[in-house]
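Values quoted throughout were computed directly from the atomic coordinates according to the rules given, and no laboratory measurement underlies them. For clarity, every value in this text was computed on a predicted model and none was experimentally measured. FYI the Cβ positions are ideal-geometry reconstructions off the backbone, even for glycines, and counts take in every protein chain you see.
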Amino acid sequence: MSTVGNSTNIFWQESPIGKAERQKLLNQKGCVVWITGLSGSGKSTLACSLSRELNNRGKLSYILDGDNLRHGLNKDLGFKAEDRVENIRRVGEVAKLFADAGLICIASLISPYRKDRDACREMMQDSSFIEVYMNMSLQLCEARDPKGLYKLARAGKIKGFTGIDDPYESPLNCEIELKEKEGECPSPVAMAEEVISYLEDKGFLQNE
Amino acid sequence: MEGLAIRASRPSVFCSLPGLDGDSQRKRPPSDVFLKLPAENRKIVANSASFHPISAVNVSAQASLTADFPALSETNLKERRVNGKEKAENIVWHESSICRCDRQQLLQQKGCVIWITGLSGSGKSTIACALSKALFERGKLTYTLDGDNVRHGLNRDLTFKSEHRTENIRRIGEVAKLFADVGVICIASLISPYRRDRDACRSLLPEGDFVEVFMDVPLPVCESRDPKGLYKLARAGKIKGFTGIDDPYEAPLNCEVVLKHTGEDSSCSPRQMAENIISYLQNKGYLEG
């Protein structure tokens, strides 16, 4: 819903320092690496590893984690369906700002609905939205259960928990898919390297 | 306009506070940093011969869906197994992530929020522009959050109702905080007329990281500029609740920088005023890693 009756009072503010200048300063291109997958699939672990590997290469990145944001920007949101949509929307908008600032913004959140992730993709005007799907089996994720949430969900203490009584809609056309190989999960560093190779190939780790 | 009164100092604290990812305080981490934790914090991992670290154990907001749910203990841990065994029987080794200090080292600057407040037409955006340009020329990374720009994106669901104005400021404060945590010098340029709302944003940040800049320009001067034609519309009654006309502006009582208008024929340019802000940042150590 746009600001009714107010849009004519809002102007775009031009600044002489734009994305191009910032990217030149940082020697990289801003983008959003959107890591999606079930709870326990390793999103935060990958985000951490990726951020560290990028830092080792002198690249600036920042992790937007669903949980962290819910303590700050999104602390007014609950878990009703519309609040979940709003949670993802706001993360997408902030990620867009970070990418505009020249950062490699790593968004790490379950984001189970295709429509919501696609809406975030559309916010990015160029092809700088990189969707990374942590395609780990529910069995593996539940065996890990790093936050004890699957156990609670199975006991009926949490309702609408993704993977148990709420669906996860896997991406149909993501840029990177990370999965178990012969029943084993690749190491975080190996997975981070795969993402970094992609970023390198697409020119995000330099500024032409 | 001209004239700069720099209000002295709130104490500044640099690089000594944990970032949002909860890291410890250090200047530069070695490539592998492990924290020893006592056995009671140990998390039992899935039995697998292959290495797969467990992601952080946090109190999840999802976990608080039901009222009778007991809180999980809050830790930021990753477990590492080496060759399928824990490194020592009662010790769990944990890996840390990149912290604010690492980013500050990379950028050779310290993140902060420059919050520019004042009436419409007082020159906020002009100073924001000049400041970002001057800092860029020094090799410093900035990002400007402008009330108008943000209303097209993050805050596009908000109107100008009183509670939405508060929410507009709150969200911008939270985003500015994130940028500061990245290490960016985040310039927020918005009327933000109410002291309470600005102070709430100040309280989000560590002491010293919120630099409030007051564009102290009299209403008649702003109105005579009227860069967006809004005062004219407000006087004609076509805009209600317009700050300065039929809604109050509460000047800061204790801001870091005051840019006071002293005459339209003065020779102090926006660039010169930006340089004064830069001097403040330099003195406080924000322009180094």
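On average over all directions, what projected area in square nanometres does the range A:61-106 have, based on the convex hull of its Cα atoms? Numbers along the way, then the final one.
Numbers: hull surface 11.6 nm².
The number I arrive at for the range A:61-106 is 2.9 nm².
How many percent of all Cα-Cα pairs in the range A:82-159 sit more than 14 Å apart? Please list the in-between numbers first.
Values: 2063 of 3003 pairs.
It works out to 69 percent of all Cα pairs.
Quick check: convex hull over the Cα atoms of chain A, volume per residue in Å³, rounded to an integer?
Values: hull volume 28.2 nm³, N = 208.
So the per-residue Cα hull volume is 136 Å³.
Taking the alpha carbon gyration tensor of the range A:94-208, what are the square roots of 5 times its eigenvalues, largest first, to the nearest whole Å? Intermediate results must be reported in sequence, preceding the final value.
Working: eigenvalues 167, 68, 28 Å².
For the range A:94-208, the ellipsoid semi-axes come out as 29, 18, 12 Å.
For the range B:133-189, with equal point scatterers placed on the C-alpha atoms only and solvent neglected, what are the log10 I(q)/I(0) values from the Debye formula at q = 0.12, 0.19 1/Å, to two decimals?
Reported log10 I(q)/I(0), two decimals: -0.32, -0.68.
Neighbouring Cβ atoms within 10 Å as the yardstick, rank A:Phe79, A:Phe98, A:Phe129 fewest first.
A:Phe79, A:Phe129, A:Phe98
What residues have an amide H closer than 5 Å to that of B:Glu212, excluding those fewer than 5 places away on the same chain, when H is modeled at 1.01 Å from N in the peptide plane?
Residues meeting the criterion, in which the H sits 1.01 Å from N, are B:Trp115, B:Glu256, B:Val257.
At q = 0.14, 0.21, 0.25, 0.31 Å⁻¹, what is the log10 ratio I(q)/I(0) for the range A:31-84, with the Debye formula run over Cα points and no solvent?
Normalising to I(0) and taking log10 leaves -0.47, -0.90, -1.07, -1.21.
What is the sum of charges around A:Gly102, taking Lys and Arg as +1, Asp and Glu as -1, for the other residues whose C-beta is under 9 Å from the C-beta of A:Gly102?
+2
Give the Rg/Rh ratio for the range B:163-221, taking Rg as the radius of gyration of the Cα atoms and Rh as the Kirkwood radius, to two decimals.
Details: Rg = 12.1 Å, Rh = 12.3 Å.
So for the range B:163-221, dividing Rg by the Kirkwood Rh gives 0.99.
On a straight-distance basis, which lysines could pair with A:Lys151 in a cross-link, Cα separation under 18 angstrom, same-chain partners fewer than 8 positions away excluded?
Here the lysines satisfying the reach criterion relative to A:Lys151 are A:Lys159, B:Lys43.
If you count, for every residue in A:149-156, the Cβ atoms of partner chains within 10 Å of its Cβ, what is the mean?
Details: counts 4, 0, 0, 8, 3, 0, 0, 1.
Mean shielding by partner chains, rounded to a whole number: 2.
Under a Cβ-Cβ cut-off of 12 Å, what is the net charge of the residues other than B:Arg196 that fall near it, where Lys and Arg count +1 and Asp and Glu count -1?
Working: positive: B:Arg165, B:Arg170, B:Arg195, B:Arg198, B:Arg202; negative: B:Asp197, B:Asp199, B:Glu250.
After counting each charged neighbour, the total is +2.
Summing +1 for each Lys or Arg and -1 for each Asp or Glu, what net charge is found among the other residues whose Cβ lies under 12 Å from the Cβ of A:Leu199? Don't jump to the answer; show the numbers that get you there.
Working: positive: A:Lys29, A:Arg57, A:Lys59, A:Lys202; negative: A:Glu53, A:Glu175, A:Glu193, A:Glu194, A:Glu200, A:Asp201.
Result for the neighbourhood of A:Leu199: -2.
Name the residues whose placed amide hydrogens come within less than 5 Å of the amide hydrogen of A:Gly160, ignoring near sequence neighbours (fewer than 5 apart) on the same chain.
HN-HN under 5 Å from A:Gly160: A:Asp165.
For the pair A:Leu138 and A:Ala190, what calculated FRET efficiency results from E = 1/(1 + (r/R0)^6), where r is the Cβ-Cβ distance and R0 = 22 Å, to the nearest 0.05?
Once rounded, the FRET efficiency stands at 0.50.
Treat the count of other C-beta atoms within 10 Å as a stand-in for reagent exposure and order B:Phe210, B:Phe160 from fewest to most. Let's see the in-between values first.
Details: B:Phe210 25, B:Phe160 19.
With the fewest neighbours first, B:Phe210, B:Phe160 line up as B:Phe160, B:Phe210.
Mind listing which trypsin sites (Lys or Arg not before Pro) in the range A:101-208 are in a DSSP loop and have 11 or fewer other Cβ atoms within 10 Å? Kindly include the intermediate steps, with their values, before the conclusion.
Numbers: sites: A:Arg114, A:Lys115, A:Arg117, A:Arg121, A:Arg144, A:Lys147, A:Lys151, A:Arg154, A:Lys157, A:Lys159, A:Lys179, A:Lys181, A:Lys202; in loops: A:Lys147, A:Lys157, A:Lys159, A:Lys202.
Taking the range A:101-208 and a limit of 11 other Cβ atoms within 10 Å, no loop trypsin sites (Lys or Arg not before Pro) are found.
Once the Cβ-Cβ distance between B:His164 and A:Glu122 is put in as r, and R0 is 35 Å, what FRET efficiency do you end up with, to the nearest 0.05?
Rounded to the nearest 0.05, the efficiency is 0.90.
Which of the pairs A:Lys59/A:Lys147; B:Lys133/B:Lys228; A:Lys59/B:Lys177; A:Lys29/B:Lys133; B:Lys238/B:Lys260; A:Lys19/B:Lys110 have their Cα atoms more than 25 Å apart in this structure? Could the numbers behind the result be given before it?
On the way: A:Lys59/A:Lys147 30 Å; B:Lys133/B:Lys228 23 Å; A:Lys59/B:Lys177 21 Å; A:Lys29/B:Lys133 19 Å; B:Lys238/B:Lys260 30 Å; A:Lys19/B:Lys110 20 Å.
Pairs exceeding 25 Å: A:Lys59/A:Lys147; B:Lys238/B:Lys260.
Please report the projected area of the range A:35-142's Cα convex hull averaged over all directions, in nm². Mind showing how you got there, number by number?
Values: hull surface 28.4 nm².
The Cα convex hull of the range A:35-142, projected and averaged over all directions, gives 7.1 nm².
Report, to two decimal places, the Cα Rg of the range A:161-203 normalised by 2.2 N^0.38 Å (N = number of residues). Intermediate results must be reported in sequence, preceding the final value.
Working: Rg = 13.6 Å, N = 43, 2.2 N^0.38 = 9.2 Å.
Computed over Cα atoms of the range A:161-203, the ratio equals 1.48.
Based on C-alpha coordinates, I'd like the Rg and Dmax of the range B:179-289, in Å.
Computed over the Cα atoms of the range B:179-289, radius of gyration and Dmax are 16.2, 51 Å.
Could you give the distance between the Cα centres of the range B:206-232 and the range A:82-133, to the whole Å?
If we compute the Cα centre of each part, the gap is 33 Å.
Pop the C-beta distance of B:Lys228 and B:Ser269 into the FRET formula with R0 = 22 Å and round what comes out to the nearest 0.05. Please list the in-between numbers first.
Working: r = 21 Å, r/R0 = 0.98.
Efficiency, rounded to the nearest 0.05: 0.55.
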